[in-house]
Amino acid sequence: LLLLCYTEEAAVIVSGLKNTDVFVGESATFTCELSHPGVKNVQWWLDGSPLQNNCVTEISEQDGIIHTLTLNDVACHDSGTVTFRAGSLISSAKLLVKGISLLE
C-alpha cells in the first residue's frame with residue numbers, strides 16, 4: 001500500500017526560471033512550475049527587493065502549481081536577478097534589459 005502525503009517539504013521545482021533578454025519597453029515573463037499546490041510563502045524578488053502585484057508587475061498563479069511573474073515596460077535599471085521563493089524552494093534567473101541602439 002502506497003500512501004502519498006503531500007507536505008510543503010515534498011514539493012519540488014519541476015521547471016525553474018530561465019534567463020531572459022528583452023529590449024527596453026518590452027515585457028519579461030518568468031515562470032516556475034512546482035510539483036504540486038499548497039506551498040506557502042510564495043514570493044518574487046528582483047535583486048533582493050520583494051515584488052508586489054501591480055500594473056507594472058503582474059504576479060499570477062495557475063492551479064497553485066504554475067507561478068508566473070511578468071514585468072511590463074521594463075527599463076535598463078530593471079536588469080538583475082529574478083528570484084522565485086516558495087517555502088524552502090528557490091529558483092533564480094537573470095534578466096537582461098537591452099537598450100535600443102541608435103546606430104542600427
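Being modelled with pLDDT of 95 or more, polar (S, T, N, Q) and on the phi < 0 side of the Ramachandran plot is a description that does not apply to Thr7.
For region 15-41, give me each residue that is in contact (Cβ under 8 Å) with a residue 40 or more places away in the chain and assigned to a strand (DSSP E or B). Those that are in contact (Cβ under 8 Å) with a residue 40 or more places away in the chain and assigned to a strand (DSSP E or B): Thr20, Asp21, Val22, Phe23, Ala28, Thr29, Phe30, Cys32, Leu34.
If we keep just the residues of region 72-85 that are out of contact with any strand residue (DSSP E or B) (no Cβ under 6 Å at 6 or more places or on another chain) and open to solvent by 70 Å² or more (accessible area, probe 1.4 Å), which is farthest from Cys32 (Cα to Cα)? Across region 72-85, the extreme among qualifying residues is His77. Restricting attention to region 17-71 and to residues that are open to solvent by less than 20 Å² (accessible area, probe 1.4 Å) and among the small types (Gly, Ala, Ser), the residue that is farthest from Val97 (Cα to Cα) turns out to be Gly64.
The values are calculated or read from the model by the stated rules, or taken from the named source; none is laboratory data. Everything numeric here is computed off the predicted structure, so don't read it as measured data. All Cβ positions, even for glycine, are placed from backbone atoms using ideal geometry, and neighbour counts span all protein chains on display. Please note that ligands, DNA and RNA were not included when accessible areas were found on the heavy atoms of the full protein model with its side chains. Shrake-Rupley method; radii C 1.70, N 1.55, O 1.52, S 1.80 Å.
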